[in-house]
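S.K.: Please find one structure pasted underneath; my questions will follow.
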Amino acid sequence: MTTSIKLIGIGDSGVDSLSTEKKQFIEDSDVLVAGERVLAFFDTYNGKKIVIKGGLKKVVADILASQGNIVILASGDPLFYGIGNYLASKMTLEVYPHLSSVQLAFARHQLSWQDAKVVSLHGRSIKGLAQKINGEKKVALLTDDINTPNAIADYLLDFGFHEYRAFVAENLEGADERCRHFSLEDMRTAEFSPLNVVILHATEAPKVWPLGIEDEEFSQRKPDKGLITKKEIRVLSIQQLNVKEDSIVWDIGTCTGSMGIEAGRIAKNGAVYAIEKNEPDLANCLENQRKFRVDMTAIHGKAPERLDEFPNPDAVFLGGTGGNMKDLLATIAGRLNEGGRIVLNAATIENLAKAVETFKELGLTVSIIQAQISRSKPILNMTRFVPLNPIYIITAVREEI
């Protein structure tokens with residue numbers, strides 16, 4: 001019968017990082033659970049050892065099948081991007097954290113961190129990092145053997161994050177601990193230990209764009225500019241999409257990428273997927289992504305082709321349908337998550353009527369906004385208004401069951 005399960009945080013210095021109380025817990029235990037690197041610190045342990053390797057499901061089963069007092073060891077604070085949350089959902093634990101690697105790194109940097117943005121890239125894709133950290137003064141990044149400090153520097157420079165200097169803390173509390181300051185350019189080519197934390201500290205204020213970026217700020221096709229969802233229509237359409245922080249968004253016929261970029265700046269913990277049939281427009285979209293620091297997936301193709309490469313969406317925007325409205329809307333509606341929304345902008349009453357009819361046939365709830373917007377323009381010492389093309393903003397919702 002299991003008497004107790006204790007989850008104890010441990011530092012890179014091994015046994016020396018543990019208090020007398022924690023050492024006694026280990027000495028009194030019957031089972032010791034840890035990764036291979038941590039278990040190596042306890043080569044004289046006489047009880048049963050369970051190695052954490054691969055998936056945690058089998059490890060949990062082995063723990064629950066064990067007898068006596070059990071100690072699980074994990075690096076740093078097990079409840080900070082560690083295994084603690086998962087284990088706590090499967091069993092009753094007593095948790096004894098160590099200092100987290102981020103806390104130690106900021107201490108070595110002698111920099112406060114209560115206002116820092118912390119992002120784990122350990123075992124995760126770097127995709128979308130740009131919008132997560134843009135505008136942050138302090139950022140801590142947990143790395144791995146793919147998302148190394150070198151790869152992070154390349155990524156940040158590609159998105160123009162020149163305001164940051166980096167501090168890399170390696171092997172914290174270990175015998176070969178090393179901490180160094182870098183420019184991002186220098187960090188691209190330096191060598192690092194696999195165990196490291198990267199801190200970014202802004203030395204100047206970055207450019208942070210508001211909702212409703214001015215049309216002229218986007219790179220657009222020349223000489224026939226205008227293939228962009230205008231700022232006012234863009235803001236209204238974003239509102240109708242009901243984009244949330246973790247939304248999966250599709251931008252169909254993205255062109256300049258303006259809608260995807262605005263959505264991506266909201267869905268920082270989600271993702272944006274865009275498709276564009278014209279290669280020159282796609283090139284502008286990629287350029288605009290870097291300028292506005294929104295890292296979204298944009299591919300060449302004509303929808304509904306290639307949409308099977310995207311995960312199911314919560315929100316879908318269509319600036320147009322390319323003449324195959326029924327097939328396209330049917331494909332999108334079939335993939336739309338429960339509670340999801342499709343927003344289609346139509347400039348003609350014929351497309352309005354066809355879209356509404358199709359959405360209703362697909363069992364979606366439809367609402368329409370007619371947007372007639374004019375912008376002021378000076379004339380001599382007076383002001384007149386220049387109208388934009390009237391737009392029908394059609395919203396179709398898959399109601400939650």
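The values are calculated or read from the model by the stated rules, or taken from the named source; none is laboratory data. Fair warning: this is a prediction, and the values are worked out from it, not measured in the lab. So basically every Cβ, Gly included, is an ideal-geometry build from the backbone, and we count neighbours across all protein chains shown. Calculation scope for accessible area: heavy atoms of the full protein, side chains included, ligands and nucleic acids excluded. Shrake-Rupley method; radii C 1.70, N 1.55, O 1.52, S 1.80 Å.
S.K.: Pairs of Cα atoms under 8 Å, at least six residues apart: use those to get the relative contact order of region 33-133, whole percent.
M.R.: Numbers: 62 pairs, mean separation 20.1, N = 101.
RCO, region 33-133: 20 percent.
S.K.: Let me ask something else about it. Quick one: which residues, 5 or more positions from G68 or on another chain, have an amide H under 5 Å from its amide H? H modelled 1.01 Å from N in the peptide plane, none for Pro or chain starts.
M.R.: HN-HN under 5 Å from G68: T2, T3.
S.K.: May I ask you to evaluate 6.51 cos²θ - 1.76 cosθ + 1.60, the Karplus curve with θ = phi - 60°, for each residue of region 170-179 and list the ³J(HN,Hα) values in order in whole Hz, giving x for glycine and proline?
M.R.: Ordered by residue, 3J(HN,Hα) equals 10, 6, 4, 6, x, 5, 10, 4, 8, 10 Hz.
S.K.: Hey, what number do you get for the chain at 222 nm if only DSSP H runs of n ≥ 4 count, each worth -39500 (n - 2.57), divided across all residues, to the nearest 500? Please report the intermediate quantities before stating the final value.
M.R.: Details: 13 runs with 110 residues, N = 401.
The helix contribution divided over the chain gives -7500 deg cm²/dmol.
S.K.: For the chain, with the dipole built from +1 on Lys and Arg beta-carbon atoms and -1 on Asp and Glu ones, taken about the Cα centre, which of M187, S120, A205 lies farthest toward the positive end?
M.R.: Farthest towards the positive pole: A205.
S.K.: Measuring from a point 7 Å past the Cα of I373 along Cα-to-C-beta, which residues in region 380-401 have an amide N at less than 17 Å?
M.R.: 385-395
S.K.: Quick one: putting +1 on the C-beta of Lys and Arg, -1 on the C-beta of Asp and Glu, what dipole do you get for region 5-98 around its Cα centre, in Debye to the nearest 20? All intermediate terms of the calculation are to be shown ahead of the outcome.
M.R.: On the way: 10 positive and 11 negative charges, 84 e Å.
In total the dipole reaches around 400 debye.
S.K.: With an 8 Å Cα cut-off and a minimum separation of 6 or more residues, compute the relative contact order for region 215-398 in percent.
M.R.: Numbers: 362 pairs, mean separation 35.0, N = 184.
Once normalised by length, the contact order is 19 percent.
S.K.: Report W209's accessible area, 1.4 Å probe, all protein chains in place, as a number in Å² to the nearest 10.
M.R.: Approximately 40 Å² for this residue.
S.K.: Hey, can you grab everything whose amide H is under 5 Å from the amide H of V316? Only 5+ residues off in sequence or another chain; H modelled, so Pro and N-termini drop out.
M.R.: W250, R341, I342, V343
S.K.: Would you mind estimating how fast the chain diffuses translationally, via Stokes-Einstein at 37 °C and 0.692 mPa s with the Kirkwood radius over Cα pairs, in µm²/s?
M.R.: On the way: Rh = 24.5 Å.
In µm²/s, the coefficient is 134.
S.K.: With contacts defined as alpha carbon pairs under 8 Å and 6 or more residues apart, what's the relative contact order of the chain in percent?
M.R.: In percent, rounded to a whole number, it is 11.
S.K.: Length gain on complete extension for the stretch R108 to E338, per 0.36 nm per residue less the alpha carbon to alpha carbon distance? Numbers along the way, then the final one.
M.R.: On the way: separation 230, 0.36 × 230 = 82.80 nm, distance 4.71 nm.
Contour length minus the Cα-Cα distance gives 78.1 nm.
S.K.: For the chain, give the percent of accessible area contributed by carbon and sulfur heavy atoms, probe 1.4 Å, rounded to a whole number.
M.R.: 50
S.K.: Please identify which residues in region 287-325 have an amide N closer than 12 Å to a label point set 7 Å out from the Cα of E279, following the Cα→Cβ vector.
M.R.: 300-301
S.K.: Straight-line reach from K244: which aspartates and glutamates have a Cα under 15 Å away, not including same-chain ones fewer than 8 places off?
M.R.: By straight Cα distance, K244 reaches E262, D314, E338.
S.K.: According to a simple spin-label model (label point 7 Å from Cα along Cα-to-Cβ), what is the distance in nm between T365 and S183?
M.R.: Placing both labels 7 Å beyond Cα along the Cβ direction yields 5.6 nm.
S.K.: Give a quick list of GluC sites (Glu not before Pro) in region 303-401 that DSSP marks as loop, anything other than H, G, I, E or B, with at most 15 other Cβ atoms within 10 Å. Each step should come with its number before you reach the end.
M.R.: Details: sites: E305, E309, E338, E350, E357, E361, E399, E400; in loops: E305, E338, E399, E400.
Those satisfying the criteria are E305, E338, E399, E400.
S.K.: Still on this structure, I have one more. In terms of Cα to Cα distance under 24 Å, which lysines are near enough to K354, apart from those fewer than 8 places away along the same chain?
M.R.: K230, K277, K302, K326
S.K.: Note down the magnitude of the dipole of the chain about its Cα centre, charges +1 on Lys and Arg C-beta and -1 on Asp and Glu C-beta and zero elsewhere, to the nearest 20 debye.
M.R.: Working: 46 positive and 52 negative charges, 207 e Å.
Taking the Cα centre of the chain as origin, the dipole is about 1000 debye.
S.K.: Using a Förster distance of 51 angstrom, determine the FRET efficiency expected from the C-beta separation of A330 and D176, and round it to 0.05. All intermediate terms of the calculation are to be shown ahead of the outcome.
M.R.: Values: r = 60 Å, r/R0 = 1.18.
Computed FRET efficiency for A330 and D176 comes out at 0.25.
S.K.: Heavy-atom accessible area per residue, the chain, 1.4 Å probe: how many Å²? The partial results should precede the final answer.
M.R.: Values: 19690 Å² over 401 residues.
Result: 49 Å² of accessible area for each residue.
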